[in-house]
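Everything below concerns the one structure shown next.
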Amino acid sequence: MRNRRPFVTAHLRVRRRTDNLLTTQYPPTGIFQTGYKVVATILDTDGRQGVSTVRTFVVDDYEPFLRYLRSILGRRPGLQVIGEASDGLEAVQKAQDLKPDLILLDIRLPTLNGIEVSQRISRVAPHAKIVFVTQEADPDVVRAVLDHSPRGYVLKLDANSELLHAVDAVLEGKQFVSKGVKARR
């Protein structure tokens with residue numbers, strides 16, 4: 001009898017113009033033979049998980065909160081913090097240089113507010129997904145933010161319980177808005 005290769009279960013997000021989440025079975029050698037950027041979570045035949053890296057950039061002007069965000073992101077394998085910024089202009093420049101996959105961004109920043117930063121970043125790093133992590137809960141501000149293409153909005157008070165859910169949703173092409181914001185609408 002022929003020696004057959006084991007199959008692995010793969011959860012793939014193929015990035016082109018939109019994100020599509022596919023769940024299917026592939027031979028282990030055939031997964032990455034496409035011209036697209038593939039972000040994959042792969043379960044091998046022993047059930048162990050290997051996770052690709054999501055390059056994450058964090059922007060907040062309050063150093064203790066930056067450390068807090070890093071600790072939350074550290075809970076999830078595959079989220080790698082590649083840079084930080086503490087003001088708006090620095091954030092735009094670093095986003096252009098680093099080309100992150102994901103950006104966590106505060107609204108109230110020195111030199112340039114987060115809404116303007118997100119608009120500029122969308123021009124210099126258009127593939128980056130943006131999640132706002134902020135204290136601002138005013139529904140008018142939330143609407144203004146979400147009208148400018150960021151897909152996630154998390155209140156700082158809810159970051160511990162909601163940030164990783166927001167990251168997952170945004171990376172899958174969905175929108176996420178903090179429960180604290182929804183309750184105030």
Those residues of segment 119-147 which are among the basic types (Lys, Arg) and under 15 Å from LEU109 (Cα atoms), in sequence order:
ARG120
Determine whether segment 160-178 contains at least one residue that is over 16 Å from the mean Cα position of the chain (by Cα) and of a type in the set (Asp, Glu).
no
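Going by the conditions given, is VAL124 within 17 Å of ARG55 (Cα to Cα), in contact with a Lys or Arg (Cβ under 8 Å, 6 or more places away or on another chain) and assigned by TED's automatic domain parsing to the domain that holds LEU157?
The answer is no for VAL124.
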Only residues in segment 114-125 that are among the charged types (D, E, K, R) count as the first member; pair them with residues that are crowded, with 16+ Cβ neighbours inside 10 Å, Cβ under 7 angstrom, at least 6 apart or cross-chain, and list the lot.
GLU116/GLY88; ARG120/VAL92
Can you confirm whether segment 88-110 contains a residue that is surrounded by fewer than 22 Cβ atoms within 10 Å (Cβ to Cβ) and either among the hydroxyl-bearing types (Ser, Thr, Tyr) or outside the structural domain of VAL59 (by TED's automatic domain parsing) (or both)?
no
Can you tell me which residue among VAL177, VAL145 is surrounded by 13 or more Cβ atoms within 10 Å (Cβ to Cβ) and at pLDDT below 90?
VAL145
Could you run through segment 113-130 and say how many residues are crowded, with 21+ Cβ neighbours inside 10 Å and of a type in the set (Val, Ile, Thr)?
3
If a residue has to be surrounded by 13 or more Cβ atoms within 10 Å (Cβ to Cβ) and without any contact (Cβ under 8 Å) to a residue 40 or more places away in the chain to count, how many in segment 131-141 make the cut?
4
Helices (runs of 4 or more DSSP H) wholly inside segment 107-185 that include at least 1 residues being out of contact with any helix residue (DSSP H, G or I) (no Cβ under 9 Å at 6 or more places or on another chain), within 17 Å of GLN96 (Cα to Cα) and not hydrophobic (A, V, I, L, M, F, W, C):
114-124
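The values are calculated or read from the model by the stated rules, or taken from the named source; none is laboratory data. Keep in mind it's a predicted model, so treat the numbers as computed, not measured. Using ideal geometry, Cβ is built from the backbone for each residue, glycine included, and neighbour counts are taken over all protein chains shown.
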